[in-house]
1. Could you work out the per residue convex hull volume over the alpha carbons of segment A:52-142, in cubic angstrom?
2. Could you tell me which GluC sites (Glu not before Pro) in segment A:155-254 are loop residues by DSSP with no more than 15 other beta carbons within 10 angstrom of their beta carbon?
3. Once you have a ≥ b ≥ c as the square roots of the Cα gyration tensor eigenvalues for segment B:71-138, tell me rounded if a/c is under 1.5, and otherwise prolate or oblate according to whether a/b is larger than b/c.
4. What are the residues whose amide H is under 5 Å from the amide H of residue B:3, where those residues sit 5 or more places off or on another chain and H is modelled from the backbone?
5. Using a 1.4 Å probe on protein heavy atoms, which residues of segment A:24-65 have at least 50 Å² less accessible area in the complex than alone?
6. So what is the diffusion coefficient of chain B in µm² per second by Stokes-Einstein at 10 °C and 1.306 mPa s, using a Kirkwood Rh over Cα pairs?
7. Apply the Karplus parameterisation 6.51 cos²θ - 1.76 cosθ + 1.60, with θ equal to phi minus 60°, to every residue of segment A:81-86 and state each ³J(HN,Hα) to the nearest whole Hz, in sequence, with x for glycine and proline.
8. Only Cα pairs within less than 10 Å get springs; with that Gaussian network setup on chain A, which residue of A:118, A:46, A:170 has the largest fluctuation?
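The values are calculated or read from the model by the stated rules, or taken from the named source; none is laboratory data. All figures in this text were calculated on a predicted structure; none of them were measured in a lab. Cβ placement follows ideal geometry from the backbone for every residue including glycine, while neighbour counts extend to all protein chains displayed. Surface accessibility is based on the protein's heavy atoms, side chains included, excluding ligands, DNA and RNA. Shrake-Rupley method; radii C 1.70, N 1.55, O 1.52, S 1.80 Å.
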Amino acid sequence: MAELDIPTIPNLQSLIMMAITAFSVSIIVILLFIKYFQRKRLPALTLAFTFLMWDFASLIVFIFGLIHYLNYSTPQVGVIQYARYGINLGYAFSALSNALMVLFVSQIYSQAPIFRKTKKIIPIVNGLLNGVTIGFVVDSIMQSFVFTDVVSYLNPAYSLNQIIYHLVLTFFSFTLLLSLSARQRRKATFRWEKAGFSFIVYSAIAGILVYVFLALDELAQTFIPLFNEGYTIFNIIGWAFGILLCILAYFGYVMPKWLRDRYKEKTLEVK
Amino acid sequence: MLEHAIIFSKESQSIILTSLYGEVDPKADAFKDSLEKIREIAVKLEKGVFKLDLANNGKTMIVAIKNLSIAITFNKIAKEEVMNFWESVALEILKSFDKIYVTKDPAKILAFKDTMDEIIQWNLKEQSPIDKMKEAFW
């Protein structure tokens, strides 16, 4: 695992993708809070906070990455690794987002047999498991202050185990959303309702792919010498899926009137 | 909206379990003719769903799997999406009951009434995901 601790410098392409993703998530957060204040329904508030945590995650990764990029032009040991603090804090906020996502799923799909049989056990256990991710992050950051060796000092680790653990939990929360939405899509009567659930399914797939590609980025820089400078093409693709997730979430959750009308017109034409 | 649920055995061509959720008791004399029609269809229906209009503007949905059928009666003509939803609940009840029914244990079979009631009451209490999405977002 020693390779993981060698500092890397964020590149401009990755920073641009992070910035666009953070901006896209911010728009979704605002729209979801507007929905909540219009409708006053708990699932809308839960989803708004889910995206808010994801917004904090992407913003913090971007801001710390930018600070690092502006301060250092080449990888150096023994200096503050801002980007790594950003990534660690990003994972912590992402873990909170995961926990809230499952809570949202349990609120919308409360009729599903899995939630009837388990009541609130799934969101509670999932919340605790995501708390472990936050524990990893806090530990990494605290350790970085007390290390005495020059490579680890002020250089919080984000181990492959931590990344895989978070990927598994993310996979669980998005897969739960995906499978229940796909089932609901089959039961929906109207074309626009089916379209709404389809967009949610696709957004969940995009959500999984964000973390798969961010994990691939880490794997590539660890095991493939060509990518050892970090911030590989996988990182850029991962953030691109983040932008796609926002677009699909906009269609699926916010569902603008023009989109709903488009599917409603088609329904009338079929009849 | 939902009046009662009745589980039939195709093998014995008879009622195994009934549970009342509304006001129309399936055992009441006033429902005798309707019950007989429902029973005839329920024991003959091989697989799938059959919707039967009742004399009092009600409707019964009969869902069958290989050995068993369930009839769920509504007090008025329900929307298509509501019927689709209850069809999936009916199938869930039948599949769960099938596992109990093969044991031929009368105590377990009788105890399944509580499970059926729990499933139906939960679904009556909780809104459908489509309704929740419409209320919160769409």
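1. Convex hull of Cα atoms, per residue: 85 Å³.
2. The qualifying sites are A:229.
3. prolate
4. B:73, B:74, B:75
5. Correct list: A:39, A:41.
6. Working: Rh = 15.3 Å.
The calculation lands on 103 µm²/s.
7. Once θ is set to phi - 60°, the couplings for segment A:81-86 become 8, 3, 4, 6, 5, x Hz.
8. Top of the fluctuation ranking is A:118.
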